[in-house]
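Participant: Mind looking over this structure? Questions follow.
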Amino acid sequence: MAEKTGRCMCGAVSFTAQGTLDRFNICACDMCRRVTGSQFFSVWLRMDDVDMTGAEHIRTLQSSDWAERAFCGKCGSALWYRPTDNSDGVGLSLGLFDDIAGLEADNHWYTDKEICRTVKLAPAHTMTEAETHAQFGGGAV
Ligand SMILES: [Zn+2]
Ligand SMILES: [Zn+2]
């Protein structure tokens, strides 16, 4: 079983996850767009396989009749989507993981709602991390 670590933006919430960590799902529904600003990329795991620290900072919201979403109460990072039907499955946000190299997309839901289908995603200007730091300074934006 693979193991990966991750954390929210501010580090108040961190985790070690075990399980099948080579695939992720993408959801472009309206709720995921609003929560993330784009699409929700998540790794589907068993909640029992996620060892979470900083639980006192986790805020949950019942976002529908069947699911909750969780956030870091300090920095607002989206943490997970989880059905509340007694299953222990959780879609843990891909963006939290320290190392996502090599992961492959599995399911992509609501593809007709993708932002790239509704706005023009062909930037006039592009910059790498180094180029962005050179222009705006610092290592954090
Ligand atoms: Zn945080
Ligand atoms: Zn969604």
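The values are calculated or read from the model by the stated rules, or taken from the named source; none is laboratory data. Every value quoted in this text rests on a predicted model; they were computed, and no experiment measured them. Using ideal geometry, Cβ is built from the backbone for each residue, glycine included, and neighbour counts are taken over all protein chains shown. The protein model used for the area step is the full one, side chains on, heavy atoms only, and it has no ligands, DNA or RNA in it. Shrake-Rupley method; radii C 1.70, N 1.55, O 1.52, S 1.80 Å.
Participant: What dipole magnitude, in Debye to the nearest 20, does the chain give about its Cα centre under +1 on Lys/Arg Cβ and -1 on Asp/Glu Cβ?
Facilitator: Here the size comes out at about 540 debye.
Participant: Okay, next question. Specify whether the C-alpha gyration tensor of region 19-114 places it in the rounded, prolate or oblate class, a ≥ b ≥ c being the square roots of the eigenvalues: rounded for a/c under 1.5, otherwise prolate if a/b is larger than b/c and oblate if not.
Facilitator: Rounded is the answer for region 19-114, as its axis ratio a/c remains below 1.5.
Participant: Right, another one. With a 1.4 Å probe and every protein chain kept in, tell me what percent of the accessible surface of the chain is carbon plus sulfur.
Facilitator: The C+S portion of the solvent-accessible surface of the chain is 50 percent.
Participant: Let me ask something additional. Tell me, what is the percent relative contact order of the chain, built from C-alpha pairs under 8 Å that lie six or more residues apart?
Facilitator: Across the chain, relative contact order equals 27 percent.
Participant: Can you work out the FRET efficiency for the pair D51 and H125, with r the C-beta to C-beta distance and R0 = 41 Å, to the nearest 0.05?
Facilitator: FRET efficiency, D51 to H125: 0.50.
Participant: Which of these, T126, T111, T36, has the largest mean-square fluctuation under a Gaussian network model of the chain (Cα springs below 10 Å)?
Facilitator: T126
Participant: Next question. Can you tell me which aspartates and glutamates have their Cα less than 12 Å from the Cα of K4? Leave out same-chain residues fewer than eight positions away.
Facilitator: Within the straight-line limit of under 12 Å, K4 reaches these aspartates and glutamates: D22, D49, D51, D98, D99.
Participant: Right, here's the next one. When the chain is modelled as a GNM with alpha-carbon springs shorter than 10 Å, which of T60, T118, T84 fluctuates the most?
Facilitator: Residue with maximal mean-square fluctuation among T60, T118, T84: T118.
Participant: Select from I26, V50, T36 the residue farthest towards the positive end of the dipole of region 2-136; place +1 on Cβ of Lys and Arg, -1 on Cβ of Asp and Glu, and compute about the Cα centre.
Facilitator: Sorting the options by dipole projection puts first T36.
Participant: Would you mind getting the accessible area per residue of region 2-136, heavy atoms of the protein chains only, 1.4 Å probe, in Å²?
Facilitator: It amounts to 61 Å² per residue over region 2-136.
Participant: For region 3-26 and region 108-141, write down the distance between their C-alpha centroids in whole Å.
Facilitator: That distance is 23 Å.
Participant: Between K74 and A2, what length in nm is gained on full extension when 0.36 nm per residue of separation is reduced by their alpha carbon distance?
Facilitator: 23.0 nm
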